Amino acid sequence: EDRRTVVTSHDAFGYFAKHYGLTFEAPQGLSTESEASAADVAKLITQIRDEGISAVFVESITDNRLLEQIANETGAKIGGTLYSDSLSGSDGPAGTYLDMMRHNAETLSQALGS
């Protein structure tokens with residue numbers, strides 16, 4: 001079950017979760033501008049430990065420090081960078097919408113499958 005739970009900065013992957021049978025947990029909720037409360041972060045850390053979640057994922061559009069702190073405190077690895085609300089440059093891994101979807105699927109599959 002832990003391989004079906006994905007931890008990322010904010011909850012921007014509802015479509016992906018529904019289609020692929022994943023659960024996304026995010027300390028910031030839906031908005032990248034909201035601040036995660038200490039209680040929410042503590043609850044998420046406990047959940048990661050209790051469920052044995054092995055990877056957390058940073059996002060291309062958010063500050064990674066909170067997720068890095070959560071990874072350090074739980075022993076989870078950073079599974080990679082996901083793209084949600086913006087593409088990479090045209091020469092990057094998510095230069096088009098299809099590239100973004102492919103990159104996210106491959107990043108999740110590699111990290112969760114290991």
*May I ask you to list the residues in the stretch 58-74 that are closer than 22 Å to residue 94 by Cα and in contact (Cβ under 8 Å) with a residue 60 or more places away in the chain?*
67
*residue 82 passes all but one of (1) aliphatic (A, V, I, L, M); (2) over 15 Å from residue 13 (Cα atoms); (3) buried (at least 17 other Cβ atoms within 10 Å of the Cβ); which number fails?*
(2)
*Taking the stretch 70-110 as the region of interest, how many residues are farther than 16 Å from residue 25 by Cα and small (Gly, Ala, Ser)?*
10
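Assess whether residue 58 counts as being in contact with a Pro (Cβ under 7 Å, 6 or more places away or on another chain) and among the hydrophobic types (A, V, I, L, M, F, W, C).
In short, no.
To keep it simple, each residue is scored yes or no on (1) small (Gly, Ala, Ser); (2) under 21 Å from residue 5 (Cβ atoms).
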{"residue": "39", "(1), (2)": "yes, yes"}
{"residue": "43", "(1), (2)": "no, yes"}
{"residue": "55", "(1), (2)": "yes, yes"}
{"residue": "65", "(1), (2)": "no, no"}
{"residue": "102", "(1), (2)": "no, no"}
{"residue": "105", "(1), (2)": "yes, yes"}
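Each row is one residue, and each column tells you yes or no for (1) surrounded by 15 or more Cβ atoms within 10 Å (Cβ to Cβ); (2) within 17 Å of residue 15 (Cα to Cα); (3) touching a Leu at 6+ places or on another chain (Cβ under 8 Å); (4) not acidic (Asp, Glu).
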{"site": "49", "(1), (2), (3), (4)": "no, no, no, yes"}
{"site": "53", "(1), (2), (3), (4)": "yes, no, no, yes"}
{"site": "62", "(1), (2), (3), (4)": "yes, no, no, yes"}
{"site": "72", "(1), (2), (3), (4)": "no, no, no, yes"}
{"site": "75", "(1), (2), (3), (4)": "no, no, no, yes"}
{"site": "78", "(1), (2), (3), (4)": "yes, no, yes, yes"}
{"site": "99", "(1), (2), (3), (4)": "yes, yes, yes, no"}
{"site": "111", "(1), (2), (3), (4)": "yes, no, no, yes"}
*residue 84 being in contact with a Phe, Trp or Tyr (Cβ under 8 Å, 6 or more places away or on another chain) and at pLDDT below 90*: yes
*asked:* For the stretch 72-106, which positions are touching a helix residue (DSSP H, G or I) at 6+ places or on another chain (Cβ under 9 Å) and assigned to a helix (DSSP H, G or I)?
replied: 73, 74, 101, 104, 105
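The values are calculated or read from the model by the stated rules, or taken from the named source; none is laboratory data. None of the values given here were measured: they were computed from a predicted structure. Cβ sites come from the backbone with ideal geometry, for glycine too, and all protein chains shown count toward neighbours.
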